[in-house]
Amino acid sequence: MKKYITLFSIVALFFMGLQSSVAQDAQRQRPEAIAKQQTYDIHKLVTLTGDQQGEVFKVLVEQQTSLSGIEENTKSIATAQEAKLAVLENTNKRLKAILTPEQYKIYQESLEKEKK
């Protein structure tokens with residue numbers, strides 16, 4: 001009976017460790033992977049053309065790279081928030097130039113819904 005309890009404990013610890021490592025990997029996704037998902041989400045929302053998808057992807061990769069750099073290199077929370085806000089504003093300006101006015105309006109409305 002002790003052998004079964006020991007075996008069960010080892011298996012349970014293995015699965016708990018596996019879950020922990022998967023959660024940590026999700027937090028450390030590469031900027032390209034995050035940007036790809038965000039580009040896909042925007043495409044589903046406003047139906048991007050092929051050229052638009054490429055441009056949006058580039059902008060979002062730069063955004064994610066900048067945001068991860070801010071998180072790693074900024075010691076002050078207030079400074080980090082200001083820098084992140086500047087990056088997000090720059091991204092929105094660049095997306096506005098890429099998307100048509102109708103697409104940008106739909107995109108902005110979806111952002112407002114997410115905030116609520």
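Nothing in this text is a laboratory measurement; each read-out follows from the coordinates by a stated rule. Keep in mind that what you see is a predicted model, and the values were worked out from it rather than measured. Note that each Cβ is placed from the backbone with ideal geometry, even for glycine, and that neighbours are counted across all protein chains shown.
In the structure shown, do any of Lys93/Lys116; Lys44/Lys116; Lys84/Lys115; Lys36/Lys115; Lys58/Lys93 have a Cα-Cα gap over 19 Å, and if so which?
Checking Cα-Cα distances, Lys93/Lys116; Lys44/Lys116; Lys36/Lys115 exceed 19 Å.
Quote the charge dipole size of region 40-86 about the Cα centre in Debye, to the nearest 20; the model charges only the Cβ of Lys and Arg (+1) and of Asp and Glu (-1).
Value, rounded to 20: 80 debye.
Residues of region 50-70 with the amide nitrogen closer than 20 Å to a label point 7 Å from the Cα of Leu85, along Cα-to-Cβ, please.
63-64, 66-70
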